[in-house]
1. Starting from the Cα of GLU124, step 7 Å toward the Cβ, then list every residue of the range 53-69 with an amide N under 15 Å from that point.
2. Amide H to amide H under 5 Å from THR92: which residues, 5+ apart in sequence or cross-chain, H placed 1.01 Å off N in plane?
3. Place a +1 charge on the Cβ of each Lys and Arg in the chain and a -1 charge on the Cβ of each Asp and Glu, then give the dipole magnitude about the Cα centre in debye, rounded to the nearest 20.
4. Using the charge dipole of the range 266-345 (Lys, Arg: +1 at Cβ; Asp, Glu: -1 at Cβ; taken about the Cα centre), state which of CYS340, SER307, TYR289 has its Cα farthest towards the positive end.
5. In Å and on Cα atoms, what radius of gyration and Dmax does the chain show?
6. Compute the accessible area per residue over the chain, keeping the other protein chains in place, probe 1.4 Å, unit Å².
7. Work out, step by step, the length gained on full extension between LEU254 and THR40: first 0.36 nm times the residue separation, then minus their alpha carbon distance; give nm to one decimal.
8. Could you give the size of the charge dipole of the range 188-326 about its Cα centre, using +1 on the Cβ of each K and R and -1 on the Cβ of each D and E, expressed in debye and rounded to the nearest 20?
Amino acid sequence: MKKKNSKVLILHTGGTFAMALDPQQQADRQDQAFLSSLATRVPELQEIAEIELEVICNIDSSDVDCTLWQKLATAIYERWDRFDGCVIIHGTDTMAYTASALSFFLAGLTKPVVLTGSQRPLAELRTDARANIIDAVELATSGHPEVMVCFDSVVYRGSQVTKRSSEHLHAFAAQHSAPLGHFGVHFNVNRSLMRPVVARAQRHKPSLDLKINPDIFVLDVIPAAPLTRETITVLTGCYKGFIVRGFGVGNLPLKNQCWLEFAEAATACGLPLVIASQCQTGTIDLNSYENGRALAQRGAMSGHNMSLECLSVKLMVMLGREIPFAQRHDFFETSLAGECGEVPV
Ligand code: ASP
């Protein structure tokens with residue numbers, strides 16, 4: 001699929017992709033060394049598009065923070081006229097969080113932004129890095145205006161993807177939707193889900209909103225494990241928003257009154273509390289059972305069918321944008337970047 005005159009900007013951030021085989025080399029890997037290794041090991045990238053490469057950083061993605069998300073969105077925004085599509089090389093561990101953050105920061109996207117990485121370094125035998133970067137660059141020339149993750153021949157919406165394996169090359173899954181496309185013998189787009197290509201003349205700059213506040217806390221509920229009043233006091237004193245991952249459609253224990261007291265205390269302090277589930281598929285429904293209704297009555301919100309990655313970033317964005325507490329439900333009901341399952345408009 002040679003796209004004449006297509007330009008792709010590749011932003012490198014780190015992860016397994018660029019790890020060198022030799023530990024000595026790994027310690028002092030240089031930006032330039034990585035750039036030339038990409039050119040040597042994957043020369044066919046130049047056949048797909050004119051490539052511009054930039055190393056933003058070279059870190060394990062467990063060290064990614066809001067500053068990197070803002071840096072990436074700003075880099076894309078500032079270089080907008082220089083590319084048809086952008087590829088971000090990123091560690092797989094937190095790729096889904098970065099994809100969600102970019103989906104919210106860059107509203108009204110009119111060009112593809114594709115995140116990829118690999119489970120084995122580019123320099124190793126049997127690497128998945130080569131195929132992943134080739135697919136990602138091809139996808140970046142496709143014109144589909146989405147933040148996407150492209151991995152092991154599958155294309156996912158950035159706001160719906162989750163890392164599911166640290167072992168298999170098929171490392172990602174879509175949380176609650178079919179993938180947007182597949183690279184097989186051909187590149188097959190799921191047209192009912194993928195946003196249509198925007199004509200070149202209409203590829204205007206997206207809007208950039210970098211506001212974010214990461215002061216959130218995520219709790220997993222375990223049967224019989226206690227939540228105490230002391231813990232509630234500490235949590236509501238230290239954090240600005242909460243996600244509680246309960247059971248099934250969003251049920252928490254009622255026998256331990258502290259969960260209800262937690263919801264009441266959060267609401268009294270004007271702190272959003274979102275209910276998510278430990279289930280991998282399905283959606284939150286706080287009306288199905290008394291255990292969910294009691295929480296909703298005390299101001300808890302539904303996390304719907306969003307992945308934890310997307311849900312936590314959306315909560316941070318809500319806090320960063322200082323959405324008034326009374327509008328928190330509307331903010332979570334509204335799909336800003338296709339995170340609630342449908343194609344974003
Ligand atoms: N620890 C690595 C990272 O996320 C794993 C990977 O890239 O696959 O940076």
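The values are calculated or read from the model by the stated rules, or taken from the named source; none is laboratory data. Please read all numbers here as calculations on a predicted model, not as lab measurements. No Cβ is skipped: glycine too gets one built from the backbone with ideal geometry, and neighbour counts run over all protein chains shown. Calculation scope for accessible area: heavy atoms of the full protein, side chains included, ligands and nucleic acids excluded. Shrake-Rupley method; radii C 1.70, N 1.55, O 1.52, S 1.80 Å.
1. The answer is none.
2. Residues meeting the criterion, in which the H sits 1.01 Å from N, are THR16, SER118.
3. Working: 31 positive and 36 negative charges, 148 e Å.
Computed about the Cα centre, the dipole is about 700 debye.
4. Highest projection toward the positive end goes to TYR289.
5. 21.0, 65
6. Details: 15260 Å² over 345 residues.
That works out to 44 Å² per residue.
7. Values: separation 214, 0.36 × 214 = 77.04 nm, distance 6.05 nm.
So the extension gain works out to 71.0 nm.
8. Working: 14 positive and 10 negative charges, 159 e Å.
Computed charge dipole of the range 188-326: roughly 760 debye.
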